[in-house]
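All remarks here apply to the structure that follows.
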Amino acid sequence: MIDLMLAKDMNAVADMWAPDGIAEFPFAAGSSPRVLHGREEVRAYLAHYPELMDMKDMAALTVRPTDRTDTAVVEWTATGRTVATSRPYRLDYIVVLTVRDGLIALYRDYWSPLSVAAAAGGLAGLIDSLERENA
């Protein structure tokens, strides 16, 4: 998956999901979705990612097995540049990954919406959307 992300082959990344696989983003905020249901929602979500973030490297990859043979905790750091601002970014991720029949059944991604918004130059917009949600 990491190689496909770096190659910006988002269709191939989406093909790694089971047809009914789930992607969850528990810390998502603002207009970012919290849950994607099925491969095609994942595909639509990933379609424009290379136009937003130019990922150059995945560093510090650590895979931690769990007591379940189908589940692992994966930690990594992505580096690259934000397309809109050309500013460099460094984002840390923790993912709980469950696989069924060789495909992703559950991908629970604990990323920081504040870090992503700051990297993309959209921190003010994220804060505004959060204030509107709480008003």
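Read the figures in this text as sums done on the coordinates, not as results from a lab. Being a predicted model, the structure only gives us computed values, none of them experimental. As a convention, Cβ positions derive from the backbone with ideal geometry for all residues, glycine included, and neighbour counts pool all protein chains shown.
Summary table
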read-out	value
Hits in the stretch 25-48 (condition: buried (at least 17 other Cβ atoms within 10 Å of the Cβ) and in contact with a strand residue (DSSP E or B) (Cβ under 8 Å, 6 or more places away or on another chain))	PHE25, LEU36, ARG39, GLU41, VAL42
Residue list for the stretch 65-75, filter: within 19 Å of TYR110 (Cβ to Cβ) and loosely packed, with under 11 Cβ neighbours inside 10 Å	PRO65, ARG68
